[in-house]
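The values are calculated or read from the model by the stated rules, or taken from the named source; none is laboratory data. Every value quoted in this text rests on a predicted model; they were computed, and no experiment measured them. Cβ placement follows ideal geometry from the backbone for every residue including glycine, while neighbour counts extend to all protein chains displayed. Ligands, DNA and RNA are stripped out before the accessible areas are found, and what is left, the full protein with its side chains, is counted by its heavy atoms. Shrake-Rupley method; radii C 1.70, N 1.55, O 1.52, S 1.80 Å.
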Amino acid sequence: MNKITTWSKLALVGLTAATLVACGGSEEKATAQVEKKAEIINWKMVTTWPKNFPGLGTGAENLAKNITEMSGGRLNVKVYAAGELVPPLEVFDAVSRGTAEMGHSAAYYWKGKAPAAQFFTAVPFGLTAQEINSWIYHGGGMKLWEEVYEPFNLIPLTAGNTGVQMGGWFNKEINSVDDFQGLKMRMPGLGGEVLKKTGGIPVNLPGGEIFTALQTGTIDATEWVGPYNDLAFGLYKAAKYYYYPGWHEPGSSMESMVNKTAFDALPKDLQLIVRSAARQATQDMLDEFTALNNDALKTLVEEHNVQLRPFPKDVLQALKVSSQETLEELAASDEMSAKVYASFKDFREKVSAWHSISERAYINARDGD
Ligand code: CA
């Protein structure tokens, strides 16, 4: 699984001699140093994203590059875009069985294997980026996520966050919940379940297939990410109305799962580098999206005449009620989901109380009437 390349014996002998001359130390110590340096571990990272796709694909590339550089080249990570080594939605299986040592994706794609995984990407009317990271790293979420992935021989890490997404692209106005009746909309994860409960038909498609599906009418509507990514996909060419807010994905956490056998075989310093680089990638993607969404939204509205629309209040209220029911049903159907939901719910209640008098109060004070 780990491909360990060792320098040729000849090179080792030459270097050992050179090191001895340079250091003047014991032969034993120098040999040990050289042998340690000689180990180069090559990892493959498979991803769900098209090659160099803004934000998500480049986020995976940056993570791989940072691990390689932080380790001084000792852990060399090569990225494979969607379809290059495995199809986009087979990342989980590929890393689980060790075809690749690492993956970059989003946990909600694996609901068929582990329903509780959905809590670690996005929950409708759930946690924002700041809140989900707080729950995962300081609120007990990570321990639960590790428990969910343990049967698959995987270690989960966060590796990006989109921030609050947009509600999606529609070719008709959404004036009441009835407008969701029979609507075929690309929407993965729990949001898709809520859509179904509201009368819509959720479709799960990888990013690379969305534009064509919407343009040819295979689907009536789609959500994807936010202005930055949606502009890059040209979704404005296939739909007219752009709705907000993304009630279904209020701060989607990207993941980097690691094959546990491969991770356990790493020396401690490389393990810490992998974890630290993933944590850095988590914040970096959010920062990038926050900075670029502003400009992309302006371009969509001013240059491409996109019609920006808020979901009506009663529509959001109905979706919130359906979301609550969906989560209760999920918890009732699966033991692990019930365990994760209990922790998630408790955290959401506490953070809502705090953020209503901090983040929300401040933003209202700054930007309100
Ligand atoms: Ca989305």
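Highest GNM mean-square fluctuation among Asn293, Asn229, Asn204, for the chain modelled with Cα contacts below 10 Å: Asn204. With distances taken between every two different alpha-carbon atoms, region 94-188 has a Kirkwood hydrodynamic radius of 15.5 Å.
Between Ala291 and Ala361, the FRET efficiency from the beta-carbon distance, with R0 = 25 Å, is close to 0.55. When the alpha-carbon atoms of region 298-369 are used, the pair Rg, Dmax equals 17.7, 49 angstrom. Could you tell me how many degrees, from 0 to 90 and to the nearest 10, lie between the Cα long axis of helix 129-138 and the main elongation axis, the longest principal axis, of the Cα atoms of the chain? With both axes taken from Cα atoms, the answer is about 50 degrees. Placing unit charges on each Cβ (+1 for Lys and Arg, -1 for Asp and Glu) gives the chain a dipole about its Cα centre, and among Gly141, Met166, Pro250 the Cα reaching farthest toward its positive end belongs to Gly141. Ligands, DNA and RNA excluded, the heavy atoms of Tyr236 present near 50 Å² of accessible surface to a 1.4 Å solvent probe. Give the aspartates and glutamates reachable from Lys350 as a straight Cα distance under 15 Å; neighbours fewer than 8 places away on the same chain don't count. Straight-distance partners of Lys350: Glu131, Glu359.
When only Cα pairs below 8 angstrom with a gap of at least 6 residues are kept, region 49-182 shows a relative contact order of 17 percent.
Packing, taken as the mean count of other beta carbons within 10 Å per residue, orders the peptides 356-369, 55-68 from highest to lowest as 55-68, 356-369.
Taking Val301, Val258 and ordering them by how much accessible surface each has at a 1.4 Å probe, largest first, produces Val301, Val258. When the C-alpha to C-alpha distance is required to be over 25 Å, the pairs from Lys65/Lys260; Lys313/Lys345; Lys184/Lys320; Lys65/Lys298; Lys111/Lys260 that qualify are Lys65/Lys298. Counting heavy atoms of the protein chains alone, Trp169 has an accessible area of about 0 Å² for a 1.4 Å probe.
Note on the chain: with charges restricted to the Cβ of Lys and Arg (+1) and Asp and Glu (-1), its dipole about the Cα centre is near 620 debye. Taking all protein chains as they are arranged and a probe of 1.4 Å, the heavy atoms of Asp334 leave approximately 40 Å² accessible to solvent.
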